Amino acid sequence: QVVNYAPFTLLPSAVPRALFEQAYAVQQDFNLLVDAISQNKEFLEQTLASTIKVDDFTARLFRIYKQVLEEGLAQTVFLGINRSDYMFDCGLDGTAALRQIEINTIAASFGGLTSRTADVHGLVLKVLGRTEEASHLLPNNPAKGLALGIAKAWELYGSQRAVVMFLVEEIQRNIFDQRCVENELWNRNIRVIRKRFRDVFEQGSLDASRRLYMDGQEVAVVYYREGYVPQNYDQQNWEARLLLERSRAVKCPDIATQLAGTKKVQQELSRPGTLEKLLPGRPEAIARMRATFAGLYSLDEGEEGDRIAATAIADPDRFVLKPQREGGGNNLYGEELRQVLEKIKDSPERTSYILMDKIKPQPALNYLLRAHSPLQVSECISELGIFGVYVRQGQELVLNQAAGHLLRTKAIEHADGGVAAGVAVLDTPYLV
């Protein structure tokens, strides 16, 4: 029961203003896209067909998705909270380009803690006598933006007595991040309860109109801060998840939106013509999104997949191998990538991965402050996340906005991993 401070950089990191503004400008487009994918049963079925044959976790999520659709959705209000993550790819001529790493559609974290980070960096700059630079740091409060989305969904659900349920892990290391969002809801007089899958299994029930009750309290919104990796589930937890999905409560995300965030879907979106099918009549939005895509490649069985696998084995440093997992620390690089691909290149198992061009950012110097770590200057690279929030009622989009940003920085010797994985630290962009 020891409380630690969240790790952060001593100084804010330089971020190109044009790329920062580009990332904000495209967020509403990505919100629209995720929402469109979640409503497109045919697209999800076709795209995930090969993955669910070899990836048991995605397959189980997909089974619940189909079961709920067959029964008919009780849910009429949909809430999406996502975070689109980017890196700045440095070209041979030294110019930087914005490249999307992924979209997190479930449990996108650090909206709370990053709402505090700019103040920390402002103080550090003032202590260093850099008052002018301190005044240039942008205010940033994703916690407020995320709470706004949850509050809107709660209001549209239409029951003043109903509560918002944060679904949390058995042991929650990142509790203060969640508390920031939770406190914003209490400030709006919206009651919040915190429960685990186990509690849902033991105390959850649906009435005749599929309203969800926990301990006799009606639940308007279920906000998932867990449930995105296989380790989160045993048989009871899968049953609890099905109960939640069958309910009328607004799930953030519902299971279709969680599937929309899989790596396989991301890879499919980069194929020519796919965005046009999903968002007909929106050429400008499509152009903005496509401008951020990195090279993504399918490892499906067949000639194309064989060719891609062979290319990656021959030149592993050009690529990143990604499984269908969230939460950081899962990707494979370099020699490890080559060994894994060698092993699975002739088996259907390779279809549970996608391949992506490796992004090469320009490193910068900073100090990473972590509990129990030596203080030393490190060569670092940063990743920018933009939070997106949208609410749909029936077919009408009632809210669609960018809700703030997150900058995470790590030493260059770490190929993969987020803050929760113990590799990256919280940072503030200093626009240049």
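The values are calculated or read from the model by the stated rules, or taken from the named source; none is laboratory data. Note that this is a predicted model, so its numbers are computed, not measured. Reconstructed Cβ throughout: ideal geometry from the backbone, glycine too, with neighbour counts over all protein chains shown. With ligands, DNA and RNA removed, areas are computed over all heavy atoms of the protein, side chains included. Shrake-Rupley method; radii C 1.70, N 1.55, O 1.52, S 1.80 Å.
Numerical summary
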{"item": "Inter-label distance, nm, simple model (7 Å from Cα along the C-beta direction), GLU71/HIS136", "result": "5.5"}
{"item": "Charge dipole magnitude, Cβ of K and R +1, D and E -1 - segment 295-358, Cα centre, debye nearest 20", "result": "200"}
{"item": "Under Karplus coefficients 6.51, -1.76 and 1.60, residue-wise ³J(HN,Hα) of segment 124-131 in Hz, glycine/proline x", "result": "4, 4, 5, 4, 7, x, 9, 4"}
{"item": "Lys/Arg +1, Asp/Glu -1 at C-beta; the chain dipole; positive extreme among VAL54, VAL120, LEU406", "result": "VAL120"}
{"item": "Relative contact order (percent, whole number), the chain, Cα cutoff 8 Å, 6+ residue spacing", "result": "28"}
{"item": "Over the chain: helical MRE at 222 nm, DSSP H runs n ≥ 4 each giving -39500 (n - 2.57), nearest 500", "result": "-11500 deg cm²/dmol"}
{"item": "Segment 329-395 - Rg over Rh from alpha carbon coordinates, Kirkwood radius", "result": "1.14"}
{"item": "Anisotropy class of the chain from Cα gyration tensor, a/c 1.5 cut", "result": "oblate"}
{"item": "Selection from LEU299, ALA285, ASN331, by position along the positive dipole direction of segment 282-342 (Cβ)", "result": "ALA285"}
{"item": "Separation of alpha-carbon centers, segment 79-108 and segment 295-362, rounded to whole Å", "result": "19"}
{"item": "Using a Förster distance of 30 Å, the FRET efficiency for VAL127-ALA25 (Cβ separation, nearest 0.05)", "result": "0.30"}
{"item": "Segments 332-341, 386-395, 87-96 sorted - mean Cβ within 10 Å per residue, highest first", "result": "386-395, 332-341, 87-96"}
{"item": "Share of carbon and sulfur in the accessible heavy-atom surface of the chain [1.4 Å probe, %]", "result": "49"}
{"item": "Rounded to 5, the percent of DSSP beta bridges in the chain classed as antiparallel", "result": "75"}
{"item": "Amide H within-cut-off set for ASN366, under 5 Å, with H built and near neighbours excluded", "result": "SER378, CYS380"}
{"item": "Over segment 295-358: Rg over Rh, Cα atoms, Kirkwood Rh", "result": "0.92"}
